[in-house]
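Down below is the structure, laid out as structure tokens.
The values are calculated or read from the model by the stated rules, or taken from the named source; none is laboratory data. Fair warning: this is a prediction, and the values are worked out from it, not measured in the lab. Cβ placement follows ideal geometry from the backbone for every residue including glycine, while neighbour counts extend to all protein chains displayed.
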Amino acid sequence: MGLLDLFGRREKEQDFEANKEAERAKELPAYSGIRVEVTTLDERLLFVAKLMGIRENRAELHQYSETGILKVEEPIPVKIRGYSDHERKAVYMEGSITSGPEHIWQVTDLAITRVENDRAFFRLSTDLDASVTAFGGLEAGEKACKLLNISVGGACIGSPCRYHKGDKFLLKVKLLEDRPESAMFCQVLRIVEREHADFEYGCRFLELTEEDQRAITQNIFAAQRKKRSAS
């Protein structure tokens, strides 16, 4: 390969990357309003928020979680991960944040790094007693189960009862002893048969209000913080 060919190839690669970044920048406004988790570059969770008011490469983060990092005047680089319910895809972004009043953070240099078919929200592993109430079929009524893990968008439960993909039920669980019981309307998306005739059900939450989302997020974040401090 000649020197001119090598330079030409590099220029094409640079043009391709520039075009890809430009296309991603156009996609940013579509993700305004999604729930996101904000971490340091080394993956330490800072807080959970709602991504709002995207304007070019700037936006705001309206913090859900009860505590965050100390107020900072200088921008700090972060990773921002969210999940688009519309596209059902995880969105990975990077940017720099500075703290503002009333748990609102300013984001600059916001850019999409990739969009993939996976779950974005941190998932809290649990082993908590819970219950599900089905409204039809052989398993109608309230039945005991185990909450295996939970995220803002859904939960995984273990149960000896037989449910089917698409079934809907009410999940009740107390994530923390000093918090009220949480109740979420769920739909079964995935079924895994485990040993000893038990089943594992991956569920998504349905019909959550903004206040429901905020309460669940706060409880998950508090439970995760408590778990980390005990380790």
Legend entry - For Asp178: the one exception among (1) surrounded by fewer than 16 Cβ atoms within 10 Å (Cβ to Cβ); (2) over 30 Å from Gln63 (Cα atoms); (3) of a type outside the set (A, V, I, L, M, F, W, C): (2)
Inset, instruction - State yes or no: is Glu27 charged (D, E, K, R), more than 14 Å from the chain's Cα centre (by Cα) and crowded, with 16+ Cβ neighbours inside 10 Å? - result: no
Inset, instruction - Please go through segment 174-203 and pick out each residue that is aliphatic (A, V, I, L, M) and closer than 16 Å to Arg214 by Cα. - result: Leu175, Leu176, Ala183, Met184
Inset, instruction - Being in a strand (DSSP E or B) and in contact (Cβ under 8 Å) with a residue 24 or more places away in the chain is the filter; apply it to segment 130-141 and report the residue that is nearest to Ala222 (Cα to Cα). - result: Ala130
Inset, instruction - Enumerate the pairs (first residue in segment 206-223 and touching a residue at least 40 places away in the same chain (Cβ under 8 Å); second residue anywhere and assigned to a loop (DSSP other than H, G, I, E, B) and surrounded by 17 or more Cβ atoms within 10 Å (Cβ to Cβ)) with beta-carbon separation below 6 Å, excluding pairs fewer than 6 apart on the same chain, so at least 6 apart or on different chains. - result: Arg214/Tyr64; Thr217/Tyr64; Thr217/Val152; Asn219/Leu175; Phe221/Ser65; Ala223/Leu175
Inset, instruction - For residues that are modelled with pLDDT under 80 and not aliphatic (A, V, I, L, M), tally how many sit in segment 114-128. - result: 6
Inset, instruction - Say whether the condition of being assigned to a loop (DSSP other than H, G, I, E, B) and free of Cβ contacts under 8 Å to residues at least 60 places away in the same chain is met by at least one residue in segment 101-115. - result: no
Inset, instruction - Go through segment 129-163 and give me each residue that's buried (at least 16 other Cβ atoms within 10 Å of the Cβ), at pLDDT 90 or above and hydrophobic (A, V, I, L, M, F, W, C). - result: Ala130, Val132, Cys145, Leu147, Leu148, Ala155, Cys156, Ile157, Cys161
Legend entry - Only listed residue being among the acidic types (Asp, Glu) and closer than 30 Å to Glu27 by Cα, chosen from Asp167, Asp109: Asp109
Inset, instruction - Just one of (1) in contact (Cβ under 8 Å) with a residue 60 or more places away in the chain; (2) surrounded by fewer than 20 Cβ atoms within 10 Å (Cβ to Cβ); (3) in contact with a Leu (Cβ under 6 Å, 6 or more places away or on another chain); (4) not aromatic (Phe, Trp, Tyr) trips up Gln187, so point out which. - result: (1)
Legend entry - The one condition in (1) exposed (fewer than 14 other Cβ atoms within 10 Å of the Cβ); (2) among the acidic types (Asp, Glu); (3) modelled with pLDDT of 80 or more that Glu60 fails to fulfil: (1)
Inset, instruction - Give segment 84-100 a look and list any residue that's part of a loop (DSSP other than H, G, I, E, B) and more than 14 Å from Ile34 (Cα to Cα), or say none. - result: Gly100
Legend entry - Members of segment 95-113 that are surrounded by fewer than 16 Cβ atoms within 10 Å (Cβ to Cβ) and at pLDDT 90 or above: Ser96, Thr98, Ile104, Thr108, Asp109, Ala111, Thr113
